[in-house]
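What follows is a single structure, written as structure tokens, with notes after it.
The values are calculated or read from the model by the stated rules, or taken from the named source; none is laboratory data. Keep in mind it's a predicted model, so treat the numbers as computed, not measured. Here the Cβ is made from the backbone with ideal geometry for all residues, glycine too, and neighbour counts use every protein chain on show. In case anyone asks, the SASA skips ligands and DNA or RNA and just uses the protein heavy atoms, side chains included. Shrake-Rupley method; radii C 1.70, N 1.55, O 1.52, S 1.80 Å.
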Amino acid sequence: MSDVLTIRGLTVDYPVRSGLLTSRKHRAVTDVDLTISAGQTVALVGESGSGKTSVARAIVGLAPISAGSIALSDQLLDRRGSRRLRQIRRTVQMVFQQPGGSLDPRMSVADTLEEPLHYLMHLNSRAIRARVSELLGLVGLGQQHLTRRPRELSGGQRQRVAIARAIAISPSLVICDEPTSSLDVSVQAQIINLLSRLQQELHLAYLFISHDLGVVRQIADVTAVMHLGRIVETGPTERVLDAPRDDYTRALLSAVPSIEREASAMTDTAKSISAGE
Ligand SMILES: Nc1ncnc2c1ncn2[C@@H]1O[C@H](COP(=O)(O)OP(=O)(O)O)[C@@H](O)[C@H]1O
Ligand SMILES: [Mg+2]
């Protein structure tokens, strides 16, 4: 199987202004190795602030690569914005936590989906219309949604549009950064099912960033655990979740039962409310 993503020794430093004239660096990611094969799902888990989004942003060129290397489909990314580099970057697309982050509030669904087809694929208007219809079908939306703007859509529909835009130019890797954490539980399941179905139909690889270990267990082949900017453990998902080798992974997993207890307590409260108690 060929690799769609190979990260070696990635380090991400953000410049932080500490005084009027002085600046220092904040190291968000340290020496990260990560490989994703075609069609594979790799989950990146870890508490907030552990560096997950910084890894994702470095892959798509939105965070600085201070050390190490990132290759997409065996093509090494360098820091120059060459034409070839832009070609390579098209093979990876990102879906953000807040669909608002990937959608322009002023643009209709039609404009949002047409833009990458026009500017990146250089399709003519007839081919664009056909592709937009196809994309709507793939993500479970219809022609009636084309004229809507993001605020005229539900959260789940917005995330479907963001996914449609991400897959529009046929990437081989889609990075999903907590794609369901802003959604209601029932809608979360629909979006996860949609991502699974698209993966099978389009042979996509996913880098799936999440702190929902239930979802990670359901969809990820491999799970990598991040803590304080480093990957502390990587392995087949079942092995990592059922027989963690690292102390931090064990701590992360032991936090889950309490969340499940809270969820069932909430269900009890909901039951008593609906029973009129
Ligand atoms: N643009 C930025 N400038 C400076 N520091 C940042 C920036 N983005 C993130 N950080 C810091 O980098 C660390 C990792 O953040 P992030 O990658 O967003 O973690 P996660 O996605 O796991 O919550 C945090 O300490 C965060 O405050
Ligand atoms: Mg994040």
If I ask for residues that are under 21 Å from Arg197 (Cβ atoms), assigned to a loop (DSSP other than H, G, I, E, B) and hydrophobic (A, V, I, L, M, F, W, C), which ones from the stretch 103-160 would you list? Val139, Leu141, Leu153
Of all residues being in a loop (DSSP other than H, G, I, E, B) and in contact (Cβ under 8 Å) with a residue 40 or more places away in the chain in the stretch 161-185, which is nearest to ligand 2 (Cβ to nearest atom)? Just the residue, please. Glu178
The condition of being under 23 Å from Gly235 (Cβ atoms) and either modelled with pLDDT of 95 or more or not in a loop (DSSP other than H, G, I, E, B) (or both) holds, among Val29, Val16, only for Val29
Would you confirm whether any residue within the stretch 208-218 is crowded, with 20+ Cβ neighbours inside 10 Å, touching a residue at least 24 places away in the same chain (Cβ under 8 Å) and at positive phi? no
Quickly run through the stretch 119-150 and pick out the residues that are open to solvent by less than 30 Å² (accessible area, probe 1.4 Å) and over 23 Å from the mean Cα position of the chain (by Cα). Ile128, Gly142, His145
Taking the stretch 35-50 as the search range and keeping residues that are open to solvent by 10 Å² or more (accessible area, probe 1.4 Å) and touching a residue at least 40 places away in the same chain (Cβ under 8 Å), which one is nearest to ligand 1 (Cβ to nearest atom)? Ser48
Residue tally, condition modelled with pLDDT of 75 or more, under 22 Å from Ser181 (Cα atoms) and open to solvent by less than 50 Å² (accessible area, probe 1.4 Å), over the stretch 76-101: 4
Of the numbered conditions (1) within 16 Å of ligand 2 (Cβ to nearest atom); (2) more than 14 Å from Tyr206 (Cα to Cα); (3) hydrophobic (A, V, I, L, M, F, W, C), Val45 satisfies every one except a single condition; which is it? (2)
Within the stretch 118-149, the count of residues that are within 29 Å of Ala189 (Cα to Cα), free of Cβ contacts under 8 Å to residues at least 60 places away in the same chain and not charged (D, E, K, R) comes to 15
Given the structure, is Gln199 open to solvent by 10 Å² or more (accessible area, probe 1.4 Å), within 30 Å of Met121 (Cα to Cα) and either touching a Leu at 6+ places or on another chain (Cβ under 6 Å) or of a type outside the set (A, V, I, L, M) (or both)? yes
Meets criteria (more than 15 Å from the chain's Cα centre (by Cα) and either part of a helix (DSSP H, G or I) or at pLDDT 95 or above (or both)) for Tyr248: yes
